[in-house]
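The values are calculated or read from the model by the stated rules, or taken from the named source; none is laboratory data. On a predicted model such as this, the values are computed, not experimentally measured, just so you know. Note that we place each Cβ from the backbone using ideal geometry, even for glycine, and neighbour counts take in every protein chain shown.
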């Protein structure tokens, strides 16, 4: 039998099966490779989309500290809201403009409409931050696909220690206190106030009094405020440089005052809290300190007033600049600034005494703020969703009285003003005869024609004051020359009254006295009120007589204290002394004229 | 007497049925092998094209975003509006435009309009409005293979860019967000 040479059908069939098996494995591997390619493509697009979502969050938080909340990712308490939405057809805030639709983005739509979900989890990472996990999850042909993007955003309520850049020159503080507050020389503060608690109160009072009066008479400060008022009074268009200049000046003034008030806050708290510690001091020194505590209280209150006037001006001017802005960037900046200023006013509604000329401060501030939010919501509704969301969120904060909780600076300003209000309420009233100072004349060349202005202006010429009163007869100021007013006593009093008393327009003090007497305005008792114009007689050594001003204060023996200019024969500069000391220097006392009767 | 014997004739080949079966199987096998080969080749090509396209998209998007980050102020489009071109000022007050230009060769190959994306910077120090001259040194190619692009200003500082790319008949789309990183206040 001849042997067969080929394969049997069975052999070929087995071979075919083996080959087929190999091919099936290869086919499966190819299929798997194709699925993986598709997965990587989806993963790549998801990564770009996640980057877009993260960028949107950054943009939202750039203008809105609570942007993460405004986007609906967390609730009011900062807890995650389990944000989980499809991404097509405007179903999520992140892909609303433009929407991913089948007509406009067919490729993206095909991919995203099949089980593609955007999921954002948030976690309070640290006090001022949220940790966000922006994830895209989808049902890939290989199974489940997921892309995670972790990022930190600002968001929860930010609390921090207030920090002031103001630095008070501590070196000479004790010396100034001894000389100005207690009118002593060559003594230490410890020898005047033995109680450490009372000494701390005195030092705090000194820091408040000197730092505020330094600011109020600071040349740059007063000139810039005057410049802002001048520019604000002129008809400049909101897009003009001069309008912007005035706004910036008001903003800088309010910023500088806030900086100073931040420095003063612990000092005000200490004086407020420990004021009863000065009860152990002797009557004279206690009274002296009480006078300056009272002046400090009024000075700080004056700061509050200037701060709120500046903030109010800045708020309304930023609003105008926002409306007239042609640049989008500048418009956005103006919105931020305007809102910041309005927030400060909103938390200060209870402390606006003396800020508005007429009307109810609370109603005015609320109405302006509401109008601003309305404008923002309407104007940006179809233009910039982040600003619209910011305005809506802000309105909620106001309705729920949450501005103080949400904005650190608002809380700070509120606490500051509450402290000042309480300070003002508890101010001591050491001597009813001593008027509250009129700080508007501090640093000015002359008084303002009032008795209080005359006393404050004259005291501002004392050693430690600004000394900027101008003697028009010789063109000198005491800050430049201590002898500026020597032998010019009538000019000194006349300038203190801003040359508004007709009887002071004479050649000598004694001639002025005679005119007063002819008019029946002279009183001869020794209880002159603050601002009283006082006279001593003409003598052989001083044929012109002498004129000076009553401060309204008395010493511990009830002697009136006067303020007077010096002379070549006595002393240089301006001093306070008792009437008896004045008589010892100048001769017999003639009497005084009451301010209310002598002013035009 | 003749001796008759039944001799069995030995077969020396395959029957027609056997050959038919074998040919059929070999043909089937060949078809499968060729099919798998082409599928594999196609998958490989798709994979490479996909990777190349991803690379093109990443590079292009990054280049555009980098340009935008140097900006301080958007000029075109207006707030909430959409445009195929973007014009902005950079921190040196130069005016920068990003715009698509038709690529005729690619348009012919793909059968639809395909663009290259260019950036042109009009340098304010040297640009003369009275006789504006195009300076080719200030023109840069940012990316190619673009079938559609639109810039939409989301807010004063950021815009949404929608890209559509097309290569070898395949379309890719992506949406991204670009932001101004330069305030322009400090130079």
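Quick notes
- Counting residues in region A:156-170 that are crowded, with 19+ Cβ neighbours inside 10 Å, modelled with pLDDT under 85 and in contact with a strand residue (DSSP E or B) (Cβ under 7 Å, 6 or more places away or on another chain) gives one or more.
- Any hit, region A:527-540, residues being over 13 Å from residue A:592 (Cβ atoms), at pLDDT below 90, in contact with a helix residue (DSSP H, G or I) (Cβ under 9 Å, 6 or more places away or on another chain) and surrounded by 20 or more Cβ atoms within 10 Å (Cβ to Cβ): no
- Residue B:39 facing chain A (nearest Cβ under 8 Å) and in a helix (DSSP H, G or I): yes
- None of A:61, A:85, A:101 is more than 10 Å from chain B (Cβ to nearest Cβ) and part of a strand (DSSP E or B) except A:85.
- Test: residue in region A:39-47 that is more than 38 Å from the chain's Cα centre (by Cα), surrounded by fewer than 18 Cβ atoms within 10 Å (Cβ to Cβ) and at the interface with chain B (Cβ under 9 Å from one of its Cβ atoms): yes
- Hey, residue A:56 at the interface with chain B (Cβ under 9 Å from one of its Cβ atoms), surrounded by 20 or more Cβ atoms within 10 Å (Cβ to Cβ) and either modelled with pLDDT of 85 or more or not in a loop (DSSP other than H, G, I, E, B) (or both) or not: yes
- Residues satisfying the stated conditions in region A:284-315, i.e. crowded, with 20+ Cβ neighbours inside 10 Å, closer than 22 Å to residue A:557 by Cβ and touching a helix residue (DSSP H, G or I) at 6+ places or on another chain (Cβ under 7 Å): A:288, A:289, A:292
- Flag if residue A:183 is loosely packed, with under 15 Cβ neighbours inside 10 Å and in contact with a helix residue (DSSP H, G or I) (Cβ under 9 Å, 6 or more places away or on another chain): no
- Those residues of region B:62-77 which are within 9 Å of another protein chain (Cβ to nearest Cβ) and modelled with pLDDT of 90 or more, in sequence order: B:74
- Evaluated against (1) farther than 27 Å from residue B:81 by Cβ; (2) modelled with pLDDT of 90 or more; (3) assigned to a helix (DSSP H, G or I), residue A:405 falls short on exactly one condition, (2).
- In region A:42-64, the residues that are without any contact (Cβ under 8 Å) to a residue 40 or more places away in the chain and under 30 Å from residue B:37 (Cβ atoms): A:44
- Failed item, numbered, when residue B:46 is tested on (1) part of a helix (DSSP H, G or I); (2) more than 19 Å from the chain's Cα centre (by Cα); (3) within 10 Å of chain A (Cβ to nearest Cβ): (2)
- Unmet criterion (only one of (1) touching a strand residue (DSSP E or B) at 6+ places or on another chain (Cβ under 9 Å); (2) surrounded by fewer than 16 Cβ atoms within 10 Å (Cβ to Cβ); (3) over 21 Å from residue B:175 (Cα atoms)) for residue B:105: (1)
- Search result, residues across region B:101-154 that are outside any strand (DSSP E or B) and on the phi > 0 side of the Ramachandran plot: B:111
- Being touching a strand residue (DSSP E or B) at 6+ places or on another chain (Cβ under 7 Å) and either away from chain B (no Cβ under 14 Å) or outside any helix (DSSP H, G or I) (or both) is true of residue A:383.
- Criterion violated by residue B:141 - all others in (1) surrounded by fewer than 18 Cβ atoms within 10 Å (Cβ to Cβ); (2) modelled with pLDDT under 90 satisfied: (2)
- Filter pass, residue A:23 being assigned to a helix (DSSP H, G or I), surrounded by 14 or more Cβ atoms within 10 Å (Cβ to Cβ) and outside the structural domain of residue A:105 (by TED's automatic domain parsing): yes
- When residue B:121 is tested against (1) free of Cβ contacts under 8 Å to residues at least 40 places away in the same chain; (2) surrounded by fewer than 18 Cβ atoms within 10 Å (Cβ to Cβ); (3) more than 13 Å from the chain's Cα centre (by Cα), only condition (2) is not met.
- Filtered residues of region A:554-568 (kept if within 24 Å of residue A:484 (Cβ to Cβ) and in contact (Cβ under 8 Å) with a residue 60 or more places away in the chain): A:563, A:564, A:565, A:566, A:567, A:568
- Subset of region B:155-175 (residues that are over 16 Å from the mean Cα position of the chain (by Cα), within 8 Å of chain A (Cβ to nearest Cβ) and assigned to a strand (DSSP E or B)): B:158, B:160
- Residues of region A:236-258 that turn out to be closer than 12 Å to residue A:324 by Cα and touching a helix residue (DSSP H, G or I) at 6+ places or on another chain (Cβ under 8 Å), as a count: 5
- Residues that are over 20 Å from residue A:383 (Cβ atoms) and in a helix (DSSP H, G or I) were ranked within region A:64-82; the one that is farthest from the other protein chains (Cβ to nearest Cβ) is A:69.
- Filtered residue count, region A:541-569, keeping only those that are under 49 Å from the mean Cα position of the chain (by Cα) and either surrounded by 15 or more Cβ atoms within 10 Å (Cβ to Cβ) or closer than 20 Å to residue A:506 by Cα (or both): 19
- In this structure, residue B:110 does not satisfy being over 17 Å from residue B:60 (Cβ atoms) and either loosely packed, with under 13 Cβ neighbours inside 10 Å or touching a residue at least 12 places away in the same chain (Cβ under 8 Å) (or both).
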